Amino acid sequence: MYVDSHCHLSFPELRARLDEILAEMRAAEVAAALCICTAMEEFELVRDLAAAHPNLWASVGVHPDTEGMTEPSLEDLCERARQPRVVAIGETGLDYYRLEGRSVADMAWQRERFRVHIRAGRALDLPLVIHTRSASEDTLAILREEGGGASRGVFHCFTESMAVARAALDLGFHVSFSGILTFKTAADLREVARYVPLDRCLIETDSPYLAPVPHRGKTNTPAWVPLVARQIAELKGLTPEAVGQATRENFEKLFGVEVPAPGVPS
Ligand SMILES: [Zn+2]
Ligand SMILES: [Zn+2]
């Protein structure tokens, strides 16, 4: 039994064939998934997916790459995060990968947005879903400043160095691995996955993106998250089932949910 800790079922290409995807998940023993919000305008869609299916949950947050849409206040985030089936704040964080001619100094708005999310997480004691790309130093520094050791959550779709993994673990965060772990070029990342203790690991698809080998390039779905578990199992000398069970238990503890037993109609 597996759980996908990060997917975007509200995106049109997945939403359009939701019933099919839920059936594929059941067939692949993927018992549940967390649907991640990337814009305030998207929130109701994400929440309604979770409200309609006992094995889906929702987050609320605005992705660091989201521009030209509603900038959330602390109150906006908290009001939505208090709604049923909303179990996390995010995805939030920093992304300096697509600066598009801007300097890091120009990205102060991203850092401010990130701070607002961290404050919401602390106000409601909810875990953060952290997105960090080409910005790990600032991400960690802001987490330390704002979180003060009281924030918790997960560094999602982890692609950073061993040192960043260590820092995330030291802050009490979990580390989530995606299909990138199966890519031929990801040898360094596989070393990181070998290092991260199993009781701090999560698995995810980040679907519709990042389909794992042997589906690379296709539209990803939560049904392929066992391929990530299989890769971690290989690295740690475990069975995929053991990785599935451990990451499900980590998911339940971190997000305060209980994954329904298979066979419960969704
Ligand atoms: Zn992300
Ligand atoms: Zn995402």
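The values are calculated or read from the model by the stated rules, or taken from the named source; none is laboratory data. The structure displayed is predicted, hence computed values, not measured ones. Please note: Cβ atoms are built from the backbone with ideal geometry, for glycine as well, and neighbour counts cover all protein chains shown. Areas reflect the complete protein model, heavy atoms only, side chains present, ligands, DNA and RNA absent. Shrake-Rupley method; radii C 1.70, N 1.55, O 1.52, S 1.80 Å.
Quick check: Cα centre of segment 79-157 to Cα centre of segment 5-61, how many Å?
What the calculation gives is 21 Å, centre to centre.
Once you sort the root eigenvalues of the Cα gyration tensor of segment 196-266 as a ≥ b ≥ c, which label holds: rounded (a/c under 1.5), prolate (a/b larger than b/c) or oblate (the other case)?
Working: a/c = 1.78, a/b = 1.15, b/c = 1.55.
Since a/c reaches 1.5 but b/c is at least a/b, the shape of segment 196-266 is classed as oblate.
May I ask you to compute the full-extension gain from Asp48 to Ala108, defined as 0.36 nm times their residue separation minus their alpha-carbon distance, rounded to one decimal in nm?
So the extension gain works out to 18.4 nm.
Please check: in the Gaussian network model of the chain (C-alpha springs, under 10 Å), which one of Phe251, Phe155, Phe183 has the largest mean-square fluctuation.
So, out of Phe251, Phe155, Phe183, the one fluctuating most is Phe183.
When N counts the residues of the chain, how does its alpha-carbon radius of gyration compare numerically with 2.2 N^0.38 Å, as a ratio?
Values: Rg = 17.0 Å, N = 266, 2.2 N^0.38 = 18.4 Å.
Compactness ratio reported: 0.93.
How far apart, in nanometres, would the label points at Leu124 and Glu79 be if each is projected 7 angstrom from Cα along the Cα-to-Cβ direction?
1.3
Report, in deg cm²/dmol and to the nearest 500, the calculated mean residue ellipticity at 222 nm for the chain, where each DSSP H run with n ≥ 4 adds -39500 (n - 2.57) and the sum is divided by the residue count.
-11500 deg cm²/dmol
Counting Lys +1, Arg +1, Asp -1, Glu -1, what net charge surrounds Phe114 among other residues with beta carbon under 14 Å of its beta carbon?
The answer is -2.
Give me the extension gain from Asp188 to Ala141: residue separation times 0.36 nm, minus the current Cα-Cα distance, reported in nm with one decimal. Walk me through the numbers before you get to the answer.
Working: separation 47, 0.36 × 47 = 16.92 nm, distance 2.36 nm.
Extra length available between Asp188 and Ala141 comes to 14.6 nm.
Considering only DSSP states other than H, G, I, E and B, which trypsin sites (Lys or Arg not before Pro) in segment 48-130 qualify as loop sites with at most 15 other Cβ atoms within 10 Å?
Arg82, Arg98, Arg102
Under 1.5 on a/c is rounded, so check that first for segment 1-142, then, if it is not, pick prolate when a/b is larger than b/c and oblate when it is not; a ≥ b ≥ c are the square roots of the alpha carbon gyration tensor eigenvalues. Mind showing how you got there, number by number?
Details: a/c = 2.01, a/b = 1.65, b/c = 1.22.
Prolate, since a/c reaches 1.5 and a/b exceeds b/c.
First compute the accessible area of segment 1-62 with a 1.4 Å probe, then give the percent of it belonging to carbon and sulfur atoms.
Values: 1070 of 2070 Å².
That fraction is 52 percent.
Cut-off 11 Å, label point 7 angstrom out along Cα-to-Cβ of Glu24: give me the residues of segment 224-260 whose amide nitrogen falls inside.
The answer is 224-225.
Using a 7 Å offset from the Cα along the Cα-to-Cβ direction at both Arg15 and Tyr209, what is the distance between the two label points in nm, to one decimal?
1.9
Just to make sure I understand: if all protein chains stay in place, what is the order of Lys253, Lys218, Lys184 by accessible area at 1.4 Å, largest first?
Lys184, Lys253, Lys218
May I ask you to derive the FRET efficiency for Met69 and Thr239 from their Cβ-Cβ distance with R0 = 51 Å, giving the value to the nearest 0.05?
According to the calculation, E is roughly 0.75.
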